[in-house]
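Reviewing the structure listed below.
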Amino acid sequence: MPRLLPAILILVLTTALGHAQGYGYGNSKSGLNDRTTNRVVRLLEQGLRQCQALDSVYRYDCYRQNYQAAGKQLAGNPAYAPAQQALLNIENTLAGVLNANADPAAKPLRRRGKRYSAISEAAIPRSKAAFTEALDEATTQLLRSAGSSGDHFARIASALDSEKVFLRS
């Protein structure tokens, strides 16, 4: 048994290293693929339109849920770990915005099977600033990681930039 342990350890480490490098996902050795990237970009863009249609006090919870859903699309694929982390950071920022600025007097809004909580009207400028800063940080993080990922992370970063444009208008 003691002789078997090093062989098992080598097998486990080799398998883990292969998964950490993203092998085994789609047809791409890197683990990055157009289908996954397109799905995330489309989800971010559709979510942006849906959130913009809501009253501004409910948008931040809508944005949070959208970034959460986009991040889940990348779960389990180590090649997308930097992108997933960037989306998680935005989601966490928005969760903090909701917790710090919740409007207890506002009733939750229900749309398309989802429930959105409101922030206070007075908190919108602070919330917008925090969200914009989180988008800037995530975009920078994605563009720095883009070297080995081709244009996959750059396309996700571009979707985040679109969000910033809408926030400024």
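Please treat every number below as a calculation from the coordinates, not as lab data. The structure displayed is predicted, hence computed values, not measured ones. Note that each Cβ is placed from the backbone with ideal geometry, even for glycine, and that neighbours are counted across all protein chains shown.
With a ≥ b ≥ c taken as the square roots of the eigenvalues of the C-alpha gyration tensor of the stretch 69-169, please select rounded if a/c is under 1.5 and otherwise prolate if a/b is larger than b/c or oblate if it is not?
prolate
Are there any trypsin sites (Lys or Arg not before Pro) in the stretch 107-161 that are in a DSSP loop and have at most 12 other Cβ atoms within 10 Å? List them by number.
Passing sites in the stretch 107-161 are Arg112.
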